[in-house]
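Here the structure comes first, spelled out in structure tokens, and everything after it is commentary.
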Amino acid sequence: MKSVLLASALLLSSFSFAQQQGQPPPNGPPQTTPPTFPRTERPQDRMPPDQQAQPLSTAQVQEQIQQGLNSEPALSNTKVSVKTSENSVVLGGTVESEKQHEMVLRIAQSYAGDRKIVDKIKVQQQT
């Protein structure tokens with residue numbers, strides 16, 4: 001009886017070991033699939049309408065740039081003019097340093113969108 005029981009256990013363990021050998025070894029972390037979306041709907045289409053980007057008008061761009069310049073304390077002693085069109089933003093006037101000049105350009109570019117920046121600013125202190 002012992003030999004039959006031992007033979008059954010040996011047979012069962014060898015069968016179990018053989019099945020494990022047939023499985024490929026895991027290679028690195030488990031693979032995850034990227035999220036999928038229905039073909040008729042893109043993720044950006046699911047945004048509420050008030051959060052979708054709308055192109056700004058020329059007046060809105062000019063106003064935002066001027067507000068950005070006026071709200072920067074480091075530019076309080078500068079005289080910079082902003083004129084916008086559909087294709088460009090023209091900056092004119094004077095600043096005291098190259099640092100202020102770079103700041104004006106950075107603020108204008110942040111609101112200009114695809115418009116070209118035309119720099120007509122004069123720097124008083126040339127270093």
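Looking only at region 64-90, residues that are part of a helix (DSSP H, G or I), in contact with a strand residue (DSSP E or B) (Cβ under 9 Å, 6 or more places away or on another chain) and open to solvent by 70 Å² or more (accessible area, probe 1.4 Å) come to 0 in all.
List every residue pair whose Cβ atoms lie under 9 Å apart, where the two residues are 6 or more positions apart in sequence or sit on different chains, the first residue falls within region 80-93 and is farther than 17 Å from ASN70 by Cα, and the second residue, located anywhere, is loosely packed, with under 14 Cβ neighbours inside 10 Å and among the basic types (Lys, Arg). Note: pairs meeting the criteria are ASN87/LYS116; SER88/LYS116.
Looking at region 91-111, can you tell me whether even one residue there is open to solvent by 40 Å² or more (accessible area, probe 1.4 Å), among the small types (Gly, Ala, Ser) and either modelled with pLDDT under 95 or assigned to a loop (DSSP other than H, G, I, E, B) (or both)? First the steps, then the outcome.
To start, the set of residues in region 91-111 that are open to solvent by 40 Å² or more (accessible area, probe 1.4 Å) comprises 94, 96, 98-99, 102, 105-106, 109-111.
Pick out the ones that are also among the small types (Gly, Ala, Ser) and you get 110.
After this cut, where a residue has to be either modelled with pLDDT under 95 or assigned to a loop (DSSP other than H, G, I, E, B) (or both) as well, the list is 110.
Scanning region 91-111 turns up at least one residue that is open to solvent by 40 Å² or more (accessible area, probe 1.4 Å), among the small types (Gly, Ala, Ser) and either modelled with pLDDT under 95 or assigned to a loop (DSSP other than H, G, I, E, B) (or both).
The values are calculated or read from the model by the stated rules, or taken from the named source; none is laboratory data. Note that the coordinates shown come from a computational prediction; the quantities given were computed from them, not determined experimentally. Reconstructed Cβ throughout: ideal geometry from the backbone, glycine too, with neighbour counts over all protein chains shown. Only protein heavy atoms, including side chains, enter the accessible area calculation; ligands, DNA and RNA are left aside. Shrake-Rupley method; radii C 1.70, N 1.55, O 1.52, S 1.80 Å.
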